[in-house]
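Quick notes on the structure that follows.
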Amino acid sequence: MLKSLKISDWNQFNSVKINFHPKITIITGSNGAGKSTLFRMLSSDMGWGYAEVSNPVRSENDKESSSFRAGITEERYKIGLKKSFNQRANEINELHKLNYKYERHDRYRGNDYMERPINLSTSEKKLLFDIGYLDDINQEIYEPHSYINDDYVNIGEVELENGLFSYFVPLNIEDGSYSYMSKYEPLNYLKLKNLNHRNLKEEKEFVQAVIDYIREPHSQISGLNIPSHRHPYTYEKIDSVPIHASDTNYLIRNYFESIKKRALNFPDAESPIITMKKSIISLALFSESRSFVEGNVAFKDMIHKFNDILKIMLPEHLKFRSLFIGIGEVVLETESGNFLLDAVSGGIGALIDIVWQIFIVDYDMDKYVVLIDELENHLHPSLQREILPKLIETFPKAQFVVSTHSPFVINSVYDCSVFALKYNENNKVDSHELDFNSDSGDAFEILKEVLGVSVTMPIWMERELQNTISEIENMDPSSLTLDNYNKLKDVLKEKGLSHKLPDLLNLLLENENDKVN
């Protein structure tokens with residue numbers, strides 16, 4: 001699970017630090033503030049291969065020529081060049097001492113680099129030799145990320161419960177795009193590697209950490225990435241479905257690949273909607289035994305669970321009953337009638353799409369991260385208010401990180417963390433954690449500034465104030481007694497909402513006016 005993200009002095013970012021909530025973290029900000037950039041970075045360690053666009057920079061000495069930069073400042077570029085030159089000189093000297101010729105290594109993107117050995121004591125090497133991990137007690141174990149050297153600039157890091165991803169961008173770029181690199185190190189390895197002296201217990205722990213690190217140097221964040229673009233539901237006829245359990249399982253997991261290919265503009269990518277329909281039909285057809293068909297208990301369990309989840313997630317006015325297969329199509333059965341899955345509105349389609357993806361991961365994993373960029377896309381405001389509370393209720397094993405421009409989404413959950421990306425006086429972006437429980441009102445002012453619209457009281461807070469009113473009997477604002485007033489204050493204090501007493505009194509007055517009218 002994600003713990004924190006730090007990015008500095010890269011692209012539009014000055015200083016961004018986000019401490020992830022264990023359940024839900026919401027990131028907001030104006031267009032261009034960098035929300036999608038942060039999501040691309042995180043999703044790159046989920047297996048997505050995004051490329052970043054580089055910045056053209058004019059040379060100071062030659063105003064006619066230009067080069068490309070990976071979003072780093074000129075100052076950081078010059079510092080990086082100096083470090084890279086010094087490192088290269090030191091590596092060449094080391095190779096000369098060993099009578100080696102300095103050669104180009106094409107193993108990683110054609111970069112010149114010298115492999116760096118991990119600093120192990122003689123006793124640690126002996127431990128590795130004794131268990132058969134080393135063939136010779138003087139043998140070196142090399143850092144698996146040696147290719148990320150001083151030709152790269154560190155721009156930030158993401159901390160997980162069990163490891164750290166450090167992000168690097170190249171100093172020199174030849175064209176208009178580039179890919180950043182991430183270096184994963186397990187936390188137990190990080191804690192011990194820089195100790196000047198390790199005791200016997202620490203040596204044993206470090207040896208095991210080194211083995212684990214070398215065996216899995218390219219770990220990934222467990223979970224899924226849901227990009228901002230939701231695929232439109234247009235009708236496409238299904239020609240075939242899998243008839244083997246293994247093929248059906250493969251098809252279900254292949255849904256992510258179809259989404260990824262569409263998002264990354266692969267021309268021959270199959271529609272994710274077709275992939276989902278095939279999966280649902282296969283699950284339904286082979287979920288129960290019939291006269292000439294052997295049922296699959298796991299498929300039956302999946303289709304029932306997905307139906308139950310849709311009953312929670314789909315809007316109440318739809319009065320959804322169940323999915324069923326009719327004349328070779330996936331049909332939604334509702335109290336107001338039946339219609340094809342392909343015929344749903346953009347908002348309902350986006351909701352089903354999100355739910356299906358999370359459902360697949362949730363079925364297999366105990367803990368996982370869900371990234372959703374621009375959650376509100378295609379959703380009616382009423383759905384925007386409901387979706388996060390319902391997702392948290394329906395998928396309790398997930399850690400959600402979402403970006404949004406919608407105040408309805410931001411105000412829909414009480415127990416969460418909200419961060420705003422905001423331009424500072426130097427036109428660079430900083431992160432601000434928003435505390436809606438404080439008396440200062442800063443959170444609402446920042447939110448109003450980055451969203452460009454006024455932000456009302458959070459839904460959860462309004463609900464709590466209404467509950468407070470119902471807890472006090474005979475509450476008549478036109479004849480409010482001191483006793484009732486003190487009761488109100490006590491109840492609000494217990495709920496941690498003492499500073500909302502004026503709002504509560506306004507709400508009381510509005511309720512009384514509604515009764516009169």
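Below are the figures for this structure:
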{"quantity": "Within the stretch 316-374: Cβ-based charge dipole about Cα centre, in debye rounded to nearest 20 (Lys, Arg +1; Asp, Glu -1)", "calculated": "180"}
{"quantity": "Simple spin-label estimate for Glu202 and Lys3 in nanometres, 7 Å along Cα-Cβ", "calculated": "1.8"}
{"quantity": "Cleavage-rule hits, GluC sites (Glu not before Pro), the stretch 256-363, DSSP coil, Cβ neighbours within 10 Å at most 10", "calculated": "Glu294, Glu335"}
{"quantity": "Positive-end residue of Ala350, Tyr363, Ser382, charge dipole of the stretch 343-390 with Cβ unit charges", "calculated": "Ser382"}
{"quantity": "DSSP beta bridge pairing in the stretch 290-413, given as percent antiparallel to the nearest 5", "calculated": "70"}
{"quantity": "Compactness index (Cα Rg / 2.2 N^0.38 Å), the stretch 234-343", "calculated": "1.11"}
{"quantity": "Residue-count net charge about Lys319 - beta-carbon cut-off 14 Å; Lys, Arg +1, Asp, Glu -1", "calculated": "-1"}
{"quantity": "Computed log₁₀ I(q)/I(0) - Debye formula, equal Cα scatterers, no solvent, the stretch 169-261, q 0.15, 0.20, 0.23 Å⁻¹", "calculated": "-0.90, -1.07, -1.19"}
{"quantity": "Stokes-Einstein D (µm²/s) once Rh is taken as the Kirkwood radius of the stretch 284-357 over alpha-carbon pairs, at 10 °C in 1.306 mPa s", "calculated": "120"}
{"quantity": "Reachable lysines from Lys489, criterion Cα separation under 28 angstrom, eight or more residues apart if same chain", "calculated": "Lys500, Lys515"}
{"quantity": "Net +/- balance of residues flanking Leu164 in space, Cβ distance below 15 Å, scoring K and R +1, D and E -1", "calculated": "-2"}
{"quantity": "Size of electric dipole in the stretch 234-343: Cβ of Lys, Arg +1 and of Asp, Glu -1, about Cα centre, debye, nearest 20", "calculated": "200"}
{"quantity": "Straight-distance crosslink candidates among lysines, where the alpha carbon sits under 24 Å from Lys78 and sequence neighbours closer than 8 are dropped", "calculated": "Lys6, Lys63, Lys183, Lys428"}
{"quantity": "Exceeding the 31 Å Cα-Cα cut-off - candidates Lys17/Lys397; Lys23/Lys305; Lys277/Lys448; Lys83/Lys126", "calculated": "Lys277/Lys448; Lys83/Lys126"}
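Every read-out reported here was derived from the displayed coordinates using simple, explicitly stated rules and does not represent laboratory data. Just so it is clear, the structure is predicted and the values come from calculations on it, not from any experiment. With ideal geometry, Cβ positions are generated from the backbone for all residues, glycine too; neighbour counts draw on all protein chains shown.
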